[in-house]
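Beneath this line is the structure, given in C-alpha cells, with notes to follow.
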Amino acid sequence: MLFGAIETGGSKVICAVGTGPHDIRDRVRIPTTMPAETLAEVNDFLLRHHRETPLSAVGVGSFGPLDLQDDSPTYGYVLDTPKPGWPNTDLLGPIQQALDLPVALDTDVNAAALGEHRWGAGVGLDSLVYITVGTGIGGGAVVASRPVHGASHPEMGHVRIPHDRESDPFEGFCPYHGDCFEGLAAGPAIELRWGIPGESLPEDHPAWALEAEYLAAGIANIVLVLSPQRIVVGGGVMEQRHLFPMIRERVVELLHGYGVTEKIVNALDDYVVPPALGDDSGIAGAFGLAEMALTASGEAT
C-alpha cells in the first residue's frame, strides 16, 4: 500500500509518496509561502498520486508549535509560530478534507525521532530522542516505540540552561525566552554572537567550545528527564562533526556520574550520534506517522 508523507519546514515543504522511506516513488520540494498557497500545492501533489494509485493514509511532520489534542477546537492547527502568516493556521483540516483519508500530524522533530527509531539509529531500541540544531533547536522523543505527547508536545529547544553572562554576554535571540537553549545555541545565535555564519568559522575557533558547552548542557537535561537509550543530534550546525566528541565528553562531566550508566559511558560514541538517515529522518518519520494513522483508523490489513 502507498502512503503520503509530508515534512513542513520554515522555508520548504517536502512531499513524498511511497510504501516507506526506502521505497519512495515520487518526491517534491515546495516553497513554504503563505498557508493557502502552500497547502494547495501539497494537496495537488497528493491528489495527483491518489487518483493514479490510491493512497492509504498520510503522515505530516510539521514545524510548530502545534495543537495535538484531538478534543481541542484548534486540533491540527499551527499555533503561535514566528513564521509570518502561519500563526493559528489549520494545517490538518485542509489535507483531510481534500483526500478523505486517515491523516496523522506530529511535530517535525517527533517525526524525525520516529523515523530514526524505525529505520535509522534507533532500530532495535525502545526509546530515542532526536534533537535538531539549525535555525532553531527542537527535540522529539520516542518512548515505548511511540512519539511522546502530554498536555502538549515536547519543546526541548526552549529548556533553560546555564548562561554565564560574564564569559558570554550575548543576550540570546529567542523571541519568547531570550537565552533559552535555542536562543543561545541555534545557528543564528552563533552568527549573531561572532558576526559570521558558523560554517565559515574554523574548527579551532572559540565558538565551537562554547557551542559544545551549551549543547551538552541541554542534552544533559534531556538525559536526566527521559533517560533515552540513544540521542540523535542533527541539523545544519551539526554538520560540524568535530562537535560530537566535545559534546560527549562534556555531557559525562556535567552529569558527574549521576544518571549515566556504565554501559553508556563505555559506549559514548554510540549514545550521542548523528542521524543515520541524514536529511531523510523527518520524511521517514512522516511515513511512520501515516502507518500509525492507518492502524488507528482500523483500516490496516
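Round to the nearest 0.05 the FRET efficiency obtained for GLU249 and TYR176 when R0 = 41 Å and r is the Cβ-Cβ distance.
So, using R0 = 41 Å, E works out to roughly 0.85.
Taking amide H positions as placed in the peptide plane 1.01 Å from N, state which residues far from LEU2 in sequence (5 or more) or on other chains have amide H under 5 Å from it.
HN-HN under 5 Å from LEU2: SER56.
Rounded to whole Hz and in sequence order, give me ³J(HN,Hα) for the range 176-183 from the Karplus expression 6.51 cos²θ - 1.76 cosθ + 1.60, θ = phi - 60°, writing x for Gly and Pro.
9, 10, x, 9, 6, 3, 4, x
Taking H as built 1.01 Å from N, whose amide H comes closer than 5 Å to the amide H of VAL233, not counting residues under 5 places away?
ILE131, VAL273
How would you rank 271-280, 182-191, highest first, on the average number of other Cβ atoms within 10 Å across their residues?
182-191, 271-280
Helix-only mean residue ellipticity at 222 nm, the chain, DSSP H runs n ≥ 4 weighted -39,500 (n - 2.57), per residue, nearest 500. What is it?
The per-residue figure over the chain is -11000 deg cm²/dmol.
Residue by residue through the range 106-114, which ³J(HN,Hα) values in whole Hz follow from phi under the Karplus form 6.51 cos²θ - 1.76 cosθ + 1.60 (θ = phi - 60°), with glycine and proline marked x?
8, 5, 4, 7, 5, 4, 4, 4, 5
Percent of Cα-Cα pairs more than 20 Å apart in the range 1-145, please.
48 percent
Can you pull out the chymotrypsin sites (Phe, Trp or Tyr not before Pro) in the range 1-96 whose DSSP state is coil and whose Cβ has at most 15 other Cβ atoms within 10 Å?
Values: sites: PHE3, PHE45, PHE63, TYR75, TYR77; in loops: PHE63, TYR75.
Answer by residue number: TYR75.
Across the range 208-221, in residue order, what do the Karplus-derived ³J(HN,Hα) couplings come to in whole Hz, using 6.51 cos²θ - 1.76 cosθ + 1.60 with θ = phi - 60° and x for Gly and Pro?
Values per residue, Gly and Pro as x: 6, 5, 5, 4, 4, 4, 5, 5, 5, 5, x, 5, 4, 4 Hz.
I'd like the orientation of helix 281-297 relative to the chain: the angle between its Cα long axis and the longest Cα principal axis, in ° from 0 to 90, rounded to 10.
It is inclined by approximately 50 degrees.
Tell me which residues come under 5 Å, amide H to amide H, from LEU66 once H is placed; ignore anything under 5 positions away on its chain.
Result for LEU66 returns LEU79.
Taking the solvent-accessible surface of protein heavy atoms with a 1.4 Å probe, what is the per residue accessible area of the chain in Å²?
For the chain, the solvent-accessible area averages 45 Å² per residue.
The values are calculated or read from the model by the stated rules, or taken from the named source; none is laboratory data. Please read all numbers here as calculations on a predicted model, not as lab measurements. Glycine also receives a Cβ, built like all others from the backbone with ideal geometry; neighbour counts cover every protein chain displayed. Surface accessibility is based on the protein's heavy atoms, side chains included, excluding ligands, DNA and RNA. Shrake-Rupley method; radii C 1.70, N 1.55, O 1.52, S 1.80 Å.
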